[in-house]
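So the structure is just underneath, and the comments pick up after that.
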Amino acid sequence: MLQFGSVFRGRGPMRASDDTSAAGVSRETIAGASLILIGGIAILATWRLPFGTLDEVGPGFLPRVTAVLLAAIGFFLTVGSLRTPAVSLPTLHWSKGAMVVGALVAFAVLARPLGMLPACAVLYWISGMAAPDVRPRELLVAGAIFAIACAALFKFGFGLQLPLLAIPGIGRF
Amino acid sequence: MWDNLLLGLSVNFQISWFDLFGFAIPVPTYILLCLAGCLIGTLIGVLPGLGPVATVSILLPLTFGLDVVGALIMLSGIYYGAQYGGSTAAILVRIPGEVTSVVTVIDGHEMARQGRAGAALGIAAIGSFVAGTFGTLVIVLFSAPLSQMALTFGPAEYCSLILMGLLLAVVLAQGSIPKAVVMIVLGVLLSCVGRDQETGAERLTFGFQILADGIDFSVLALGLFGIAEVMRNLDGAEGGDKVIARPGSPYPTWQEIKESAGAIVRGSALGGLLGVLPGSGGALGPFASYAVEKRIAKDPGRFGHGAIQGVAGPEAANNAGAQTSFIPMLTLGVPPTALMALLVGAMTVQGVVPGPQVMTRNPELFWGLIVSMWVGNAMLLIINLPLIGLWVKFLSVPYRLLFPGVLVVSAVGLFSIGNSEFSVILAALFAVVGYLLAKFGFEPAPILLGFVLGGLFEDNFRRALVLSSGDLLTFVERPLSLALIVISFAALLLGLISSSRRKVIFSDDQQKDEMWRM
Amino acid sequence: MRFLKATALALTIAISVVTGVSAAWPERPVTVIVPFSAGGTTDVLARLVAEKLRAHFKVPFLIENRTGGSGNIGTQVAAQAPADGYTLVVGTISTHSLNPLLMKDAGFDPIKDFAAVSGLFDIPNILLVKASLGPTDVKGFIDQAKQNPGKIFFGTTGAGSSQFMAAQLFQARTGTKLKHVTFKGAGDIMTALLGGHLDMAFNSAVASMPLLSNPSVKVLGVTSAQRLPGLEQVPAISETIPGFQMGSWAGVFAPASTPPDIVQSLSDAVQTILNELETKAAAERLGSVTLPLPAAKFKDFVSSEQKKWADIVAQSDSQQ
């Protein structure tokens, strides 16, 4: 009998972490649930868009069809995985990822008000801190050098319309 | 024909005399411009975010000072130079700069992780050169019939072709096929974000004016691949270098070159043929080549884990396609892509009206350009091969210093897309998504394919239906469209049957599962 | 002593505020926002003018491409910029007429938020039909369209594009009904036309030029009021339909409360530039004509365009 869960996860030798007795949550469950969620949001967001007729297919057609498809597959994924043995969920190391994201956000926020040099340097420093073998002094120097080189390349090489350095109240260079 | 080629060669090697302090200095201007274009193109291809279209548009005004031939030679050089550079980024840092590099990422980066980055880069360069030569030959010999063929492709045919592409995408899946399907569908959904072209209605923009023009491909690709890759590497238990160099020569071995020969030939043919089709052709070439190579390989299990044919074929395809995409512009005067439109603009501003008359009225321009394409490819090969040694050295920089650099360059490149910080934030968001996808056992590559093809599919589908006044049968009434549909479903069926027999799908998924279970 | 310095400082500030700090405009680079991507016709021509303005005023006039939202993003940014004469925007028929009419909320008011400085260029469209359709002139085409309402397909790059508005105007003035098909770009429209998949299009002159000598396509007319220099063999549609005129125009705008003397100074400079032979030749090569309308006339022009298109839009009911 074809079990949906195994279709997605694959047959093969049982893993040591599998608990043969209890059926339950595995990463496919969460994945499936997320898909249902995304599909649902998309359906709601495109609710008012006209489906259209055959000779004038409307803007709601493709989004709604794909959203429904997504939610449907998500449903089968969730249900199927619940019926197969529970597997330990993957561990996510939030801190590293958060630092990368944070660094990028910092760049976005600082780019226009302060210019490329500070933004690039800050991005380099914050994200560099996420490395397990980080050396702070080395990071500081490397970041400064890289920021200068990068800013110069984009400003003079590609004419990027962003000042190198902008000191509020004084001026933009 | 040989006369024309000789004319083209003479144009390229033309020497202008410059006056320097009273001395007349001979300068082979066009060769230098070609070199400049190739170098700039390679650079922007390597740098994530900045694409050839953006660069050509920035540099376009600078070319007003040049004459038409020079301007076109340089701008074209930028275009196919970017293809070479894009492969480098795809292999080394897993960033697909253009749609055409997405496939290279799959096996190319795997090869890099196994210490075979040099081999991957080398095969990409060699394959691209062979394909470029092939492409130039095609232009010289078959322009006219090929452009006629391209014209017979109406919306219905495009729709069927894209459907074929979407079904082929399933073959791209290294692991579970249903999971790949999910990713493709997600990609299609993402392609719906933005203002609907026909009605002007805003779809899935949630009030953000910036999203009205849709999600930019680079933002999605950089986020999902480049930045997510950084996050995944940081998450890994090992904190060392991710892409290692293998001891000994960094170049591909003769054995590897022999293995790739077939893929290169097939990829060139496929890419060259599909590249002529305005609009979507260029994107489909590499995907089709990958699918074909995987299909005819004796051990398809290698694909996705560093199969050199998975790099050679698609690279040849994308370069051949880059050359043949000039055909509609040269023969009909119709620019098939945004970049070609810029080149047409460059020609028009200088008073040259593109189209079939160019061949007769400005033969030096026409043949000079064509020969310069080949010269450019040769230059790129000569530039890139030694560069491989440099790149491999570059890989020995500790990762802790490398990855922030990748992020900085990506961020600035992303900012340059529309001069907006929103692109950076959006890419960061996609990076989180990409990271989660990997953790939960999903492949991100099909999302990009679905994204690119989804939009194209919808446009052509609706267009075909409008033109047929709502008659769905138009897709099967038109012979070319019918043929494409039949081929795609046949290929899909064959693929599913044989893979279930080989149980390739499931065992691959098993391996991938283990890798991310931390 | 300190008291004197403070008073002097305060007086200087007061005086500069009162006179609008424009005593020596321009003293530093001026930003010219182009809400479209670099390389397009509008951008190329704008860069040409910017270069000449630099020569005239001795300060750089820097083009900043701020794309997005069919030109709305850049225009919005300009509307909200300080009105000190250092930010200008190249507005077009799209940003300053059509978008506000066709979109529920463009984010700005084209009349209230801007001071019209000067006209720049007008890019007309050309009526093309596939040869196999039959008609060889505008009159023949109108007759055929009247006999086949809703059966002739025209291509555009979307509602609000110049191709679309030209077709709307055409249908309104001739009482015909055509069927609309959207394409991604002008190049795709040409390909479809050449391949016989599309019946007709009002494509921009630049995009149409390569096809003029192609036997698969027939060029019926231009949408400018008179025949275009360089394309004299193509009749103007106004010769068959009196009063028919449309073009994708572009002009310079500044934020609403920019000092009038700066506006005037700019306007005069642009008029001079537009009358130069070099500018005219460049425009001609790109299938367009110069639109040398000084500030007051340009302001009236924009208002009249607004009204004209409001009527057409109301008639065709393409509001969403």
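Annotation: amide H of C:Asn65 within the under-5 Å range of C:Val34, sequence separation 5 or more or interchain, hydrogens built in the peptide plane.
Relative to its Kirkwood radius, the Cα radius of gyration of chain B gives an Rg/Rh of 0.96.
Considering the protein assembly as shown, its Cα convex hull presents a mean projected area of 44.9 nm². Per-residue ellipticity at 222 nm computed for the protein assembly as shown from its helices equals -19000 deg cm²/dmol, with DSSP H segments shorter than 4 residues left out and the rest contributing -39,500 (n - 2.57). Dipole check for the stretch B:47-172: with +1 at the C-beta of Lys and Arg, -1 at the C-beta of Asp and Glu, and the Cα centre as origin, the magnitude is about 260 Debye. Label-to-label distance, B:Gln14 versus C:Val59, with points set 7 angstrom from Cα along the beta-carbon direction: 4.2 nm. For chain B, the relative contact order comes to 27 percent (Cα pairs under 8 Å, sequence separation of at least 6). Residue by residue, the stretch B:64-78 carries 3J(HN,Hα) couplings of 4, x, 8, 7, 3, 4, x, 4, 5, 4, 5, 5, 5, x, 4 Hz when phi is fed to the Karplus relation 6.51 cos²θ - 1.76 cosθ + 1.60 (θ = phi - 60°); x denotes Gly or Pro.
Between C:Pro210, C:Pro26, C:Pro135, the GNM of chain C built on Cα springs shorter than 10 angstrom shows C:Pro210 fluctuating the most.
Here is the list for the stretch A:30-79: chymotrypsin sites (Phe, Trp or Tyr not before Pro) lying in DSSP coil, each with at most 16 other C-beta atoms within 10 angstrom of its C-beta, are A:Trp47, A:Phe51. For the stretch B:295-430, the solvent-accessible area of protein heavy atoms averages 28 Å² per residue (probe radius 1.4 Å; ligands and nucleic acids excluded).
Remark: the stretch B:122-137, residue by residue, has Karplus-estimated 3J(HN,Hα) of x, 5, 4, 5, 5, x, 5, 5, 4, 5, x, 4, 4, x, 4, 4 Hz, where x stands for each Gly or Pro and the curve is 6.51 cos²θ - 1.76 cosθ + 1.60 at θ = phi - 60°. Distance from the C-alpha centroid of the stretch B:277-319 to that of the stretch C:136-185: 43 Å, rounded to the whole angstrom.
Per-residue Karplus couplings for the stretch B:371-378, computed as 6.51 cos²θ - 1.76 cosθ + 1.60 with θ equal to phi - 60°, are listed in order as 5, 5, 5, 5, 4, x, 4, 4 Hz, Gly and Pro entered as x. Looking at the square roots a ≥ b ≥ c of the eigenvalues of the Cα gyration tensor of the stretch B:348-496, which shape do they give, rounded for a/c under 1.5, prolate if a/b is larger than b/c, or oblate? The shape class here is oblate.
Could you tell me what percent of the DSSP beta bridges with both partners in the protein assembly as shown are antiparallel, to the nearest 5?
So the antiparallel bridges amount to about 70 percent of the total.
Per-residue SASA remark: C:Thr290, around 30 Å² accessible (1.4 Å probe; ligands, DNA and RNA not included).
Test of understanding: express the Cα radius of gyration of chain C as a ratio to 2.2 N^0.38 Å, with N the residue count.
1.12
Take the accessible area of C alone and of B alone, subtract that of the pair with a 1.4 Å probe, and the total buried over both chains is about 3300 Å².
Too long at a 20 Å Cα-Cα cut-off: which of C:Lys146/C:Lys179; C:Lys52/C:Lys280; C:Lys184/C:Lys280; C:Lys104/C:Lys297; C:Lys177/C:Lys307; A:Lys155/C:Lys58?
Pairs exceeding 20 Å: C:Lys184/C:Lys280; C:Lys104/C:Lys297; C:Lys177/C:Lys307; A:Lys155/C:Lys58.
For a Förster distance of 30 Å, can you work out the FRET efficiency between the beta-carbons of B:Thr152 and B:Leu492, rounded to the nearest 0.05? E(calc), rounded to 0.05, equals 0.75.
The loop-placed trypsin sites (Lys or Arg not before Pro) in the stretch C:144-202, going by DSSP, that have at most 13 neighbouring Cβ atoms within 10 Å of their Cβ come out as C:Lys151, C:Lys177. Here the accessible area of the stretch B:134-206 is 78 percent carbon and sulfur, with a 1.4 angstrom probe and all protein chains present.
Under 5 Å from the amide H of C:Asn203 lie the amide H atoms of C:Ile126, C:Leu128, each residue being 5 or more positions distant or on a separate chain, with H modelled from the backbone and absent for Pro and chain starts. What you get for the protein assembly as shown, charging only the Cβ of Lys and Arg (+1) and of Asp and Glu (-1), is a dipole of about 1380 debye around the Cα centre.
Ligands, DNA and RNA excluded, the heavy atoms of A:Glu138 present near 60 Å² of accessible surface to a 1.4 Å solvent probe.
Taking only protein heavy atoms and a 1.4 Å probe, the accessible area of the stretch B:64-132 is 58% carbon and sulfur. Counting only lysines at least 8 places from B:Lys298 when in the same chain, those with an alpha carbon closer than 22 Å to its own are B:Lys258, B:Lys503, B:Lys512.
Compared with the dominant principal axis of the Cα atoms in chain C, helix C:138-147 is inclined by about 70°. Taking every alpha-carbon pair under 8 Å whose residues sit at least 6 apart, chain C reaches a relative contact order of 25 percent. Overall, the accessible surface of chain C at a probe of 1.4 angstrom is composed of carbon and sulfur to the extent of 57 percent. Entry comment: accessible area of the stretch C:269-320 is 51 Å² per residue, from protein heavy atoms only and a probe of 1.4 Å. In this structure, the amide hydrogen of B:Gly97, modeled 1.01 Å from its nitrogen in the peptide plane, lies closer than 5 angstrom to those of B:Ala90, counting only residues at least 5 positions away or on a different chain.
Nearest 100 Å², what total accessible surface is buried between chain B and chain A (probe 1.4 Å)? It comes to approximately 6500 Å² buried between B and A.
Remark on the stretch C:32-58: accessible area falls by at least 10 square angstrom from chain-alone to full-complex state for C:Ala38, C:Gly39, C:Val44, C:Arg47, probe 1.4 angstrom. A dipole drawn for the protein assembly as shown from +1 and -1 charges on Cβ atoms has a positive end, and of C:Ser161, C:Ser132, B:Leu35 the residue lying farthest that way is B:Leu35. Sparse packing (at most 16 other Cβ atoms within 10 Å of the Cβ) combined with a DSSP loop state is found for the following trypsin sites (Lys or Arg not before Pro) in the stretch C:40-73: C:Lys58.
The values are calculated or read from the model by the stated rules, or taken from the named source; none is laboratory data. None of the values given here were measured: they were computed from a predicted structure. Reconstructed Cβ throughout: ideal geometry from the backbone, glycine too, with neighbour counts over all protein chains shown. Side chains are part of the model used for accessible areas, which takes the heavy atoms of the whole protein and leaves out ligands, DNA and RNA. Shrake-Rupley method; radii C 1.70, N 1.55, O 1.52, S 1.80 Å.
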